[in-house]
Amino acid sequence: MNYQDLLYTAMRDARPAIGQGRVADYIPALAAADPQAFGMALATVSGEVYGVGDWERPFSIQSISKVFSLALVLAHGGDYLWKRVGREPSGNPFNSLIQLEAEGGIPRNPFINAGALVVTDRLQTLTGDAGITVRDFLRREAGSPALDTDRNVAFSEAVNGHRNAALAHFMASCDNLENPVDTVLAQYYAQCALSASCRDLALAGLFLARHGVLADGSRLLSGSEAKKVNATLLTCGTYDAAGEFAYRVGLPGKSGVGGGILAIVPGRAALCAWSPGLDSAGNSMAAVAALDAFTTHSGLSVF
Ligand code: DON
């Protein structure tokens, strides 16, 4: 398999979608992102890394961080977490309030914002600093010691995060948070505002292609737990566009409103594509197009 050629082909096929869609502006610090930027990286389980375009340029990872926080909590056991958050697709926008009230403060899945707040809350209890735990995990797995939270983005999220605050307060009223709302929100913003490149994220996501094994050979998750994370990514990782993403790309994947998408080819590789223009569900149009082209040309989907 010539991965470098496949990435060039994917970039070529995605070119018409670059600049399409809308850059996220509900977090003002993200509105300045360059809509013409595009990068894609692939890391293999045998240790090779390939990239095209802006694959080494850091961007705001946003909801992609939710993959890592979930895995870090599940490493401590999932039984308790899965009582507090479900694992069904929501069929609603990632920041929707309506379903949460109807379902008694138990978020549908760990990737919508309400669910990620519960996961962050749990990680905060387990580690004492959820944001730093996610940051240090990314640093280690990517081999990027300077990788860090963009304080400007975290601040911008915090001052405009009325919906997240509403979700968190509602869950607190249902006794579904262990830590104070302000602590949970601050830790959640610290993880979402991490800056990393396609290269960093492909390397950091590789443990899910290695069935739970980390870069140093130690195990974070059992093979069965890694399967469950991948399954949840497939069904819930791109929100109410998860059906369309499965149809086009056919891989477990997680998007972020910074325009990145991390995708896993179990047993083989992790990929990250990035371009800031988003569709109405909050997924990067060019990143979806590039991943669609990659699996179409390579045959490397889970189907
Ligand atoms: O809380 C928020 O709205 C953002 N920090 C993360 C949202 C996000 O990335 C959704 N993904 N497509």
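Residue by residue, here is whether (1) of a type in the set (Val, Ile, Thr); (2) more than 15 Å from Val288 (Cβ to Cβ) holds:
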site	(1), (2)
Gln4	no, yes
Leu7	no, yes
Arg15	no, no
Ile18	yes, no
Val23	yes, yes
Ile27	yes, yes
Asp34	no, yes
Met40	no, no
Val45	yes, yes
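For region 102-141, the set of residues classified as assigned to a loop (DSSP other than H, G, I, E, B), within 14 Å of the ligand (Cβ to nearest atom) and under 29 Å from Ala43 (Cβ atoms) consists of Asn109, Pro110, Phe111, Ile112, listed by residue number.
Of note, Asp136 does not satisfy the criterion of being within 30 Å of Ala209 (Cβ to Cβ) and touching a residue at least 12 places away in the same chain (Cβ under 8 Å).
Candidates Ala158, Ala209, Ala215, Ala142: the one that is touching a helix residue (DSSP H, G or I) at 6+ places or on another chain (Cβ under 6 Å) and crowded, with 21+ Cβ neighbours inside 10 Å is Ala142. Does region 256-265 contain at least one residue that is buried (at least 24 other Cβ atoms within 10 Å of the Cβ) and without any contact (Cβ under 8 Å) to a residue 60 or more places away in the chain? Yes, region 256-265 has at least one match. Go through region 145-175 residue by residue and tally those that are touching a residue at least 40 places away in the same chain (Cβ under 8 Å), more than 11 Å from the ligand (Cβ to nearest atom), farther than 20 Å from Pro28 by Cβ and assigned to a helix (DSSP H, G or I). Selection size over region 145-175: 3.
Residues considered: Ala273, Ala269, Ala287. Of these, the only one that is within 16 Å of the ligand (Cβ to nearest atom), under 26 Å from Leu74 (Cα atoms) and either hydroxyl-bearing (Ser, Thr, Tyr) or buried (at least 24 other Cβ atoms within 10 Å of the Cβ) (or both) is Ala273.
Restricting region 31-46 to residues that are surrounded by fewer than 17 Cβ atoms within 10 Å (Cβ to Cβ) and either at pLDDT below 95 or touching an Asp or Glu at 6+ places or on another chain (Cβ under 9 Å) (or both), the residue that is farthest from Gln191 (Cα to Cα) is Asp34. Checking each residue in region 204-242 for being out of contact with any strand residue (DSSP E or B) (no Cβ under 8 Å at 6 or more places or on another chain), in contact (Cβ under 8 Å) with a residue 24 or more places away in the chain and either within 16 Å of the ligand (Cβ to nearest atom) or among the hydroxyl-bearing types (Ser, Thr, Tyr) (or both) picks out Thr232, Thr235, Cys236, Asp240, Ala241, Ala242.
Pairing each residue of region 179-190 that is free of Cβ contacts under 8 Å to residues at least 24 places away in the same chain with any residue that is away from the ligand (no atom under 12 Å from the Cβ) and among the aliphatic types (A, V, I, L, M), provided the two are 6+ apart or on different chains, yields C-beta distances under 7 Å for Val181/Ala172. Quick check on my filter: what residues within region 238-287 are more than 14 Å from the chain's Cα centre (by Cα), part of a helix (DSSP H, G or I) and not aromatic (Phe, Trp, Tyr)? Answer for region 238-287, where residues must be more than 14 Å from the chain's Cα centre (by Cα), part of a helix (DSSP H, G or I) and not aromatic (Phe, Trp, Tyr): Asp240, Ala241, Gly243, Glu244, Ala246, Arg248, Met285, Ala286.
For region 58-77, residues that are under 17 Å from the mean Cα position of the chain (by Cα) and away from the ligand (no atom under 16 Å from the Cβ) total 4.
The values are calculated or read from the model by the stated rules, or taken from the named source; none is laboratory data. This one's a predicted model, so the numbers in the text were calculated from it and none came from an experiment. Virtual Cβ from ideal backbone geometry, glycine too; neighbours counted across all protein chains shown.
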